[in-house]
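Every number here is computed from the coordinates shown, using simple stated rules; none is lab data. On a predicted model such as this, the values are computed, not experimentally measured, just so you know. Methodologically, a virtual Cβ is constructed for each residue, glycine included, from the backbone with ideal geometry; neighbour enumeration extends over all protein chains shown.
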Amino acid sequence: MFGKSKEIWLVAGLGNPGDKYAYNWHNCGFLALELMADKCGIRLDKTKHKGLFGKGTISGKEVMLVKPMTFMNNSGECIAEMARYYKIDPSHIIVIYDDIDIALGKIRVRAQGSAGTHNGMKSIIKLLGTEGFPRVRIGYGPVPEHLTLLDYVLMDIPKEQRPLVNESFIQAVDQTIKWIEEH
């Protein structure tokens, strides 16, 4: 386990780097984190630990927002490296990500849990060595019958669904901020 510092919060939004993936379903975590950065006045302008990140405060608490640049399936490399370097306790790491097992437009907040079928979360859990960190899951399920799971997660969010999806990003950001304020 890491040396513990309850002074810093690390909020990670999961996704894939590059314009090709910018508005894919699998980039819901990146998109929500960008919204959070704008809302909290935190610039994502530093690169280190295999991520793009920025530092700021929320309700007087030091916060780092990070987008792992390792591609989804290796997200744990960035998050574990940052947690070790800054001595962040896993209970102060919040991960925002897409979840196909939750209905479109819904979010779910949990203090801990398994990775389910999400490879990015599997990587994080493996490299942190624990499931004991909060997560904010953004739903976009179920997979349409005519698509494979891989095709669906990597397709762009349809324009007609973007207002509903953007509302779930707002809810995810609000719930993440509330979590930080209350813990």
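Points to keep in mind about this one:
- Computed over the chain, relative contact order equals 27 percent, with contacts defined as Cα pairs under 8 Å that lie 6+ residues apart.
- Sorted into 10 angstrom bins from 0, the C-alpha pair distances of the chain split as 10, 42, 37, 10, 1 percent.
- You can think of it this way: the chain between Asp151 and Asp38 has 37.7 nm of extra reach, that is 0.36 nm per residue less the Cα-Cα gap.
- Close amide H partners of Ile96, meaning residues 5 or more places away or on another chain with modelled amide H under 5 Å apart, are Ala12, Gly13, Leu14, Val136.
- Separation of the range 101-116 and the range 10-74, taken as the distance between their Cα centroids, equals 19 angstrom.
- Under a 5 Å amide H cut-off, with hydrogens placed 1.01 Å from N, Ile102 pairs with Tyr140, Gly141 among residues at least 5 apart or on other chains.
- Inter-site label distance for Glu181 and Gln112 at 7 Å from Cα along Cβ, in nm: 2.6 nm
- With θ taken as phi - 60° and the Karplus curve 6.51 cos²θ - 1.76 cosθ + 1.60 applied, the whole-hertz 3J(HN,Hα) list for the range 14-28 is 8, x, 10, x, x, 4, 4, 9, 3, 10, 6, 4, 5, 9, 4 Hz, x standing for glycine and proline.
- The protection proxy used here, the mean number of other Cβ atoms lying within 10 Å of each residue, ranks peptides 107-116, 9-18, 159-168 as follows, highest first: 9-18, 107-116, 159-168.
- Computed FRET value (nearest 0.05) for Thr57 with Tyr23, which takes r as the C-beta separation and R₀ as 22 Å: 0.15
- When the pairs Lys87/Lys126; Lys20/Lys159; Lys50/Lys126; Lys61/Lys159; Lys55/Lys159 are compared against a 25 Å limit on Cα-Cα distance, Lys61/Lys159; Lys55/Lys159 fall above it.
- Shape class for the range 2-79: oblate, because the ratio a/c of the largest to smallest gyration tensor axis (alpha-carbon atoms, square roots of eigenvalues) is 1.5 or more and b/c is at least a/b.
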